[in-house]
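One structure is given here, and the rest of the page talks about it.
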Amino acid sequence: TMTMADATSPQSSATQRRTTSTISNASSSTNTNIPAAQHASTSSLRLLLKLPAILTILLRVAIWPLIKVLNILFTPKEFDGVDNSVNADRAARAFVGMVRKQISVVRPVIANLDRAAAGDDNDVMEQYNEPSCPFVEKGYSSTMDEIAQNNTINNPHNPLLLIYLHSPLHSQGTKFIDNYLCHPQLLKLLNDNTENNVVKCFGASVHSADGQRLRDMMEVTSFPFMALLSVKSRSSSTNNNNSNNISMELLLRLESTQLFTIQPSQITTYLNTAITRHAQIIAEETARRLQREEDARLREEQNREYQEALLADQMREMERNEQLERERREREEAEERERLEMAKEQSRLEDAQRILDESGGEPPVGTKVGVARMRFTLPNGKKVDRRFRSVDTVEVLRAFLTLHLEETGVEIKNFGLSTSFPKKSFGEEDNKLTLEEAGLAPQAVVMVQDLDA
């Protein structure tokens, strides 16, 4: 059994190695094929994304000769080109010329009845003033730009826009111009409002670029067609006059052959009613705008007055505070001065008391030697007698008077001393002289003068 196992073992190992090698090769092959498939998928996606651009280029190259041939066979007409302002103005002038011609054709005959009754056959017909054509001689874009430029701060409301689209191939188109557009009442209404910049009249043939543009914009399917529009600015900014920044609101729309079932005066009434109603709306908006401006002005004026009053109150409060502060400082300074004066007075009295105490006081009664008898005559006439020692100084006399005046309530702070016989005055420089040296011993009459009086 052991021999058979040993013989079988090498074969099993070889088989396992072959199996492992096969699995590894298969894994390696699978890993190699995955990136290749991803790359192919990405390339296909890029090609599909570029396919519309490639087709567009090929189509333009293929159509280019056809466009050239069509331009040769069908040359642009006189009024073609929506973005061509020159052609648009030319088409507008052509339409105005047609309307003027019809106005001249349908001019009414006005007879002068007074001259006919008088038998004057020379000039029976009265002079006729032909009305002007109310339609503008500019293209649609130029007309809208002019309307947009009319929107200013002083005139925030644009004029109304009357649009008439004429179809030359329509059987009743010329009849509508003759009987309705050229009617005297309608012409007078349009001319008056055009002169007052209330209405802008624009007319165009549907065979022109502007006419076809308006036909598509207004979705016109039947003729004749007339519409009254209110032109409004989309932005509140009055500096932006681009016609693309305006919107239009339809006020009145008249179209199809049903117009011939009503009288021209009725159409005039419709237009006049729409214009009058719009004028009332503008008047109300103007009144509200003016009221808002007046309210804003009043608020601004009230705010200015409030600020001025507040500033005045603040100034008065500052002045009052400054006055209080000044009074406080003055009061404190006065209190400080009073305190200093009291301290100075107290110090003066203490010094006087000290000088008297150091002098030994008044000599005893009966002492004959070394005594000087003084009689002080005060400014109020009172006389004060006191005995001093001959060796006492003039300063002792001043100290005694200082205390005596304070005790008796005499308001004398600064005083001088003098004698009449001999006439002599004693100042501060004489304070150190003894009474004997000053000639005041053994007796003297001393006059007291109030130096502050």
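The values are calculated or read from the model by the stated rules, or taken from the named source; none is laboratory data. All values derive from a computational prediction rather than experimental measurement. Here the Cβ is made from the backbone with ideal geometry for all residues, glycine too, and neighbour counts use every protein chain on show. With ligands, DNA and RNA removed, areas are computed over all heavy atoms of the protein, side chains included. Shrake-Rupley method; radii C 1.70, N 1.55, O 1.52, S 1.80 Å.
Would you check which residues across segment 180-193 are in a helix (DSSP H, G or I), open to solvent by 10 Å² or more (accessible area, probe 1.4 Å) and either out of contact with any Ser or Thr (no Cβ under 9 Å at 6 or more places or on another chain) or of a type outside the set (S, T, N, Q) (or both) and list them?
Within segment 180-193, TYR180, PRO184, LYS188, LEU189, ASP192, ASN193 meet the criteria.
Given segment 394-453, what strands (runs of 3 or more DSSP E) lie entirely inside it while holding 1 or more residues that are more than 15 Å from VAL384 (Cα to Cα), open to solvent by 20 Å² or more (accessible area, probe 1.4 Å) and not charged (D, E, K, R)?
Strands (runs of 3 or more DSSP E) meeting the threshold: 424-426.
Return the only residue of ARG328, ARG292 being part of a helix (DSSP H, G or I), over 30 Å from THR402 (Cβ atoms) and more than 37 Å from the chain's Cα centre (by Cα).
ARG328
Taking interchain pairs and intrachain pairs at least six residues apart, which have beta carbon atoms under 9 angstrom, with the first residue in segment 424-453 and without any contact (Cβ under 8 Å) to a residue 24 or more places away in the chain and the second surrounded by 13 or more Cβ atoms within 10 Å (Cβ to Cβ) and basic (Lys, Arg)?
Pairs that qualify, where the first residue is without any contact (Cβ under 8 Å) to a residue 24 or more places away in the chain and the partner is surrounded by 13 or more Cβ atoms within 10 Å (Cβ to Cβ) and basic (Lys, Arg), are GLU428/ARG398; GLY439/LYS424.
Output yes when any residue across segment 356-367 is within 30 Å of LEU403 (Cβ to Cβ), touching a helix residue (DSSP H, G or I) at 6+ places or on another chain (Cβ under 6 Å), part of a helix (DSSP H, G or I) and in contact (Cβ under 8 Å) with a residue 24 or more places away in the chain, and no when none is.
Looking for residues that are within 30 Å of LEU403 (Cβ to Cβ), touching a helix residue (DSSP H, G or I) at 6+ places or on another chain (Cβ under 6 Å), part of a helix (DSSP H, G or I) and in contact (Cβ under 8 Å) with a residue 24 or more places away in the chain, one finds at least one in segment 356-367, hence yes.
Could you list, in sequence order, the residues of segment 100-142 that are at pLDDT 90 or above and in contact with a Leu (Cβ under 8 Å, 6 or more places away or on another chain)?
Matches in segment 100-142: PRO134, TYR140.
Where the second residue is assigned to a loop (DSSP other than H, G, I, E, B) and of a type in the set (Gly, Ala, Ser) and the first is within 16 Å of VAL86 (Cβ to Cβ) and open to solvent by less than 90 Å² (accessible area, probe 1.4 Å) and lies in segment 208-222, which pairs have Cβ atoms under 7 Å and are six or more apart or on separate chains?
ALA209/GLY81; ASP210/GLY139
Inside segment 368-387, can you point out the residues that are surrounded by 11 or more Cβ atoms within 10 Å (Cβ to Cβ) and assigned to a loop (DSSP other than H, G, I, E, B)?
GLY370, LEU378, PRO379, LYS382
Report, by residue number, each residue of segment 382-417 that is over 25 Å from LYS368 (Cα atoms) and of a type in the set (Gly, Ala, Ser).
GLY409, GLY416
Quick check on my filter: what residues within segment 247-272 are out of contact with any His (no Cβ under 7 Å at 6 or more places or on another chain) and within 23 Å of SER233 (Cα to Cα)?
SER247, MET248, GLU249, LEU250, LEU252, ARG253, LEU271
If you take the residues in segment 223-249 that are modelled with pLDDT under 90 and under 23 Å from HIS183 (Cβ atoms), which one is least open to solvent (accessible area, probe 1.4 Å)?
PRO224
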